[in-house]
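The values are calculated or read from the model by the stated rules, or taken from the named source; none is laboratory data. Please read all numbers here as calculations on a predicted model, not as lab measurements. Every residue, glycine as well, gets a Cβ built from its backbone with ideal geometry; the counts of neighbours run over all protein chains shown. Accessible surface is based on the protein model in full, side chains and every heavy atom, while ligands, DNA and RNA are left aside. Shrake-Rupley method; radii C 1.70, N 1.55, O 1.52, S 1.80 Å.
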Amino acid sequence: MSGIGTGYDLSVSTFSPDGRVFQTAYAQKAVDNGGTVVGIRCKDGVVLGVEKPVASKMLVGGSNRSTYPINQQTGMGIAGVSADGRQIVNRAMQEATQYKGFYGEVIPGYVLSERIASYVHLFNLYWYVRPFGAALLMASYDSEGPQLYLIEPGGTAHRYFGTAIGKGRQSAKTDIEKLKLTELSCRQGVVEVAKILHTVHDEEKPFELELAWICDESNKEFKRVPADLAAEAEQQAKAALDEDMDS
Amino acid sequence: MFAKAPSHSTALGPGCAGPPLANPQQLSSAQASAHERGSHQPSCGAAPFAVDASMLRSTGSQPHKHTQSPYVTGSSVLAITYAGGVMLASDTLASYGSTKRYKSVQRLVKVNDSTVLGAGGEISDLQFILNMLDDLKTEDYCADDGQSLSSQELYSYLSRVMYNRRNKMDPLWNSLIIAGLEGGKPFLGSVNMIGVAFSDDHLATGFGNHLARPLFRKRHRPDMSEEEATALIREALEVCYYRDKQSINKFQIAKVTASEGVSISEPFALPTKWEYKAFVDPTRNAVGVW
């Protein structure tokens, strides 16, 4: 990256001469180096999948959660620095509660995504703070149907049919583009997400798969995919991967 | 006479430090006698003035008073245990004073898969409580640990909330009955607006305390069948309806059982009979009453 060592990367409150804010770009890099997170919007809901690298063999299975419910109808998957992500998740919970208390209705997906983006953006404005090293995939299901949003450290929020962030995002996105998302059910989507994450993860390092969804089958509530279903999806993903290897 | 503190300003009065009067005047004898501690007479001898003491209080330090009398209220809620479950009943009336203002208000509310809340008293306070429980539920959901509040826990929580609000001199104007299953066993708890909380095999709020509970004491058994329980509840509802002016013949019955969870019936009416002699000629045995 040009400009390193020129002093333009020290603060978030100074642009470089070619119009960039390096600290924001570095925060994005923290996300891009982390485990892959995939989100797809199927015909009946949204599926989130997080690839969690297992830091130690002594780690208790299922620790270090990276998908969180915000309320019954919204949930988030964290990519990047999970501690930073949790901060954003907490803020999202507060925003959701505040909206419910004030308007008496559940916060719509686009409102929450914009509020969270505004919050994240604040940390790109002052020299005494640093941007979050985390991006969030947000799944929601409201009167408008199932929605998927991506909120990035720079304070942007976009709505997607399917997207991926983290280390394996490039090939994951290519794989997602091949899916027929308007015809795919969430039950099938879970298998596809598991497949993608297993494919993308090419190193020998151990990892854990965290799958969460919000769909008609989960009663339109954001939940972790039931353990038996997740295990089955992972098994199918591994089988498909082995088949690819053999051919 | 009390000795004046030297820092007092003769110009500004007791308790204030400041410059002395430019033209000190001698106190008249009337002023001097009035000049006692607490009499609000300025020590400079100027004309006395009065300040409404209530205006000196900042609103922040005083309790708000706008919920210290109820406006729209519900009447009795009845509740009994029976073999394998609990049963609650109430009418669907919300009165505005003594006007039967809203006739289709549900006062039995499902709180979670094993708990029902029944409420008498101020309906807006009930709505506040329900919003609060809703937030609590969402918070619990976000913890995502598979745990949810049991009936007993909800009862304890609500009893703390009610008692806390009463101590703030700003009570939630309700009588609540929390009913559900606690470890598979029937549970009933009641809390009222001053925070009195207790648990029993049969409970009632409001007029039901006087009209239904004597019936329950006589007829209730914890091992009643569902049919027997329904019959008892219906009879108690009928008695309440005859004697309680603030009630209508439109009731709901809620049940919590291990097999079916929470179910709340559609509103229904009870058959009534007004030909009882005491109803037709209420003063027959009351000499001297017109």
Accessible area that becomes buried as A packs against B, both chains, 1.4 Å probe, Å², nearest 100: 800 Å²
Under 5 Å, built H, 5+ apart or other chain: amide partners of A:GLY162: A:ARG41
If one builds a Gaussian network model of chain A from Cα atoms under 10 Å apart, the most fluctuating residue listed among A:PHE132, A:PHE22, A:PHE222 is A:PHE22
Spacing of the two label points (7 Å from each Cα toward its C-beta) at B:ASP170 and A:LEU125, in nm: 3.2 nm
What residue among A:TYR126, A:TYR160, A:TYR110 shows peak mean-square fluctuation when chain A is described by a Gaussian network model with Cα springs under 10 Å? A:TYR126
Within a Gaussian network of chain A (alpha carbon springs, distance under 10 Å), most fluctuating of A:GLY189, A:GLY19, A:GLY75: A:GLY19
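Computed FRET efficiency, Cβ-Cβ of B:ARG284 and B:GLN68, R0 45 Å: what is it to the nearest 0.05?
0.60
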Along Cα→Cβ, 7 Å out, is where each label goes; now give me the distance between the ones at A:ALA231 and B:THR272 in nm to one decimal. 6.0 nm
For B:LYS273, B:LYS255, give me the order by solvent-accessible area with a 1.4 Å probe, most accessible first, ignoring ligands, DNA and RNA. B:LYS273, B:LYS255
Just the number please: accessible area per residue for the protein assembly as shown, 1.4 Å probe, all protein chains included, in Å². 54 Å²
Mind checking which aspartates and glutamates have their C-alpha under 12 Å from A:LYS178, skipping anything on the same chain fewer than 8 residues away? A:GLU192
Indicate the residues belonging to the stretch B:139-154 that lose 30 Å² or more of solvent-accessible heavy-atom surface (probe 1.4 Å) upon moving from the chain alone to the assembly of all protein chains, ignoring ligands and nucleic acids. B:TYR141, B:CYS142, B:ASP144
Which of the listed residues, B:LEU88, B:TYR163, B:PHE187, is farthest toward the dipole's positive end in the protein assembly as shown, when Lys, Arg count +1 and Asp, Glu count -1 at the beta-carbon? B:TYR163
Counted charge near A:PRO53, where neighbours are those whose Cβ lies closer than 12 Å (Asp, Glu -1; Lys, Arg +1): -2
Gain in span if fully extended, A:LYS29 to A:SER13, counting 0.36 nm per residue against the direct Cα distance: 3.9 nm
Over chain A, with every protein chain in place, what whole percent of the accessible area is carbon and sulfur at 1.4 Å, could you tell me? 51 percent
Here the stretch B:98-108 yields Karplus 3J(HN,Hα) values (6.51, -1.76, 1.60; θ = phi - 60°; whole Hz; Gly and Pro given as x) of 9, 7, 7, 7, 10, 9, 10, 9, 7, 10, 10
Sites A:LYS178 and A:SER56 - FRET efficiency at Förster radius 41 Å, r taken between beta-carbons, to 0.05: 0.70
Ignoring everything but the protein chains, give the 1.4 Å probe accessible area of B:LEU270 in square angstrom, nearest 10. 20 Å²
Relative contact order (%) - the stretch B:74-264, alpha-carbon pairs under 8 angstrom, separation at least six: 34 percent
Please report how far the C-alpha centroid of the stretch B:170-234 lies from that of the stretch A:194-247, rounded to the nearest whole angstrom. 50 Å
Using 28 Å as the Cα-Cα cut-off, could you pick out the over-long pairs in A:LYS100/B:LYS100; A:LYS195/B:LYS137; A:LYS220/B:LYS100; B:LYS218/B:LYS277? A:LYS100/B:LYS100; A:LYS195/B:LYS137; A:LYS220/B:LYS100
